[in-house]
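Notes to accompany the following structure.
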Amino acid sequence: MSIQMSEDVIAESDPYLMVVRYQERLYRGGWDRDELLSDLKAKLSSKLEPLVVLEAIAVLRILSQEDSSIAGRLLAIAVGEDDGLVDVWVEDGGIIILLEMLDVIVAFKRPEDIPQLTQMMVWDLFQIPSHILLLIRKYGCRELWDAIAAAYSMEGEYDEFIRAQHVETGKMISQLRSSDWMLPEDTRKELVALRASAAAATKPVLYVEGKTDRAILEVAYRRLFPSQERPFDIKECDVTGDAKGGAGGAGTLDRFIASVRPDSPSLALALFDRDKEGIDSYRDLPKYFVESPEGQLRSFKLAAGGRAAALILPTPEGRERYAELSNLPIEFMFGDDVLSMKTRAGNGLNLSFPELVISAKRHGKPVVGSMPNTMPETRVLDSGKGTFAMEIVSTLAAHHFEPFRELFRLIEDILSTHLAHTRT
């Protein structure tokens with residue numbers, strides 16, 4: 001009772017603090033999309049006070065990290081097919097929320113949403129047409145532009161801002177279509193390479209042990225965050241040419257990250273597997289790599305000078321025993337259903353169970369033997385990492401990559417908070 005009374009007092013004295021606490025609960029996770037959608041609709045059904053609007057926007061920004069199907073769910077709310085909430089949009093707070101929803105919807109650029117988005121252009125809310133045109137420019141959504149240009153005439157539009165946006169959007173779409181294809185093929189290829197090189201020079205880099213680690217992480221990021229550009233590059237440090245990676249990759253990785261100078265032009269973060277080779281390499285980093293105080297399962301070290309860091313693979317829920325046995329390579333981040341998948345040709349990961357060694361005493365003399373092992377956390381990756389990374393992981397749905405979400409959150413936190421602020 002005293003705790004509740006305390007929170008009521010806080011809410012009366014500083015209601016914005018309650019909004020901050022609500023946002024913090026969202027960022028910590030532990031919810032699912034249906035819960036968030038229900039919460040959003042509940043807020044839209046209440047009086048749209050400024051604090052309610054702030055909470056609704058926080059929900060939408062969390063939902064924007066979901067897969068593309070969330071766009072259809074939000075569009076159903078926006079056009080009034082879901083609980084008839086369309087009347088909310090005439091309110092000041094409602095229009096703010098609707099504009100935020102449209103930003104999420106258009107970002108996914110789903111062809112099936114275009115008819116309803118086109119229809120929204122004729123709504124009697126002048127913000128909607130101009131905002132959709134702005135989003136077309138922002139995301140380069142050519143298909144939506146074509147549909148609107150064919151179905152919606154700007155000649156009778158009374159708002160000058162909307163007409164101006166229509167003209168500017170048309171120019172931008174025209175430039176998108178014509179700027180590159182008019183160049184000779186060799187020039188286009190060179191231009192693409194130069195752009196990629198320029199982007200790589202300004203981005204932080206996540207270095208991993210082997211080629212398969214890089215392949216897995218690239219697919220994982222695309223699945224979990226389909227609407228946003230990855231803010232860091234990924235490169236492998238296994239220079240042996242062996243797709244299996246392993247000790248050679250970890251050994252190269254620790255030597256490389258230790259050599260990053262304090263005046264390096266780009267930030268560097270090394271990711272070690274939580275297996276014996278990775279843990280040994282991480283532990284043997286030079287003394288100027290200082291361990292963070294965040295605990296063993298979220299271990300990372302920051303180098304003096306602030307341009308490099310090293311990270312041990314965080315332990316996803318359900319894999320704690322693997323971590324305790326120093327047997328958590330990146331492949332074991334996936335669930336057992338994924339680890340057992342095979343290609344049509346029957347290829348995939350080949351796992352083996354090391355025999356258990358047992359000892360006992362009989363008549364005062366030691367007796368040593370072995371017995372079959374069925375403990376999954378002791379499994380060993382014998383082969384098939386290349387096939388798994390290139391042919392199986394690329395076919396997986398977004399939900400299979402959920403164990404990687406915390407890893408990416410930690411990577412971006414280190415790069416943006418612990419390292420980026422030290423740039424010279």
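Taken together, the values in this text are just the output of simple stated rules run on the coordinates, not laboratory data. What you see is a predicted model; the values in this text were computed from it and never measured. Note that we place each Cβ from the backbone using ideal geometry, even for glycine, and neighbour counts take in every protein chain shown.
Residues TRP145, TRP123, arranged from fewest to most other Cβ atoms within 10 angstrom of their Cβ, appear as TRP123, TRP145. Please work out whether the stretch 2-178 counts as rounded, prolate or oblate from its C-alpha gyration tensor, where a ≥ b ≥ c are the square roots of the eigenvalues and a/c under 1.5 means rounded, while otherwise a/b larger than b/c means prolate and anything else oblate? In terms of gyration-tensor shape, prolate. Relative to one another, the C-alpha centroids of the stretch 373-395 and the stretch 122-143 are positioned 46 Å apart.
By other beta-carbon atoms within 10 Å, ranking THR212, THR417 with the fewest at the front produces THR417, THR212. Structure note, pairs LYS109/LYS138; LYS109/LYS385; LYS138/LYS235; LYS211/LYS276: Cα-Cα distances above 23 angstrom occur for LYS109/LYS385; LYS138/LYS235.
Take each peptide in 64-72, 30-38, count the other Cβ atoms within 10 Å of every residue, and average; sorted highest first, the result is 64-72, 30-38. Dipole orientation for the stretch 2-178: of the candidates ALA151, VAL20, THR169, THR169 has the Cα lying most toward the positive pole (charges on Cβ; Lys, Arg +1; Asp, Glu -1).
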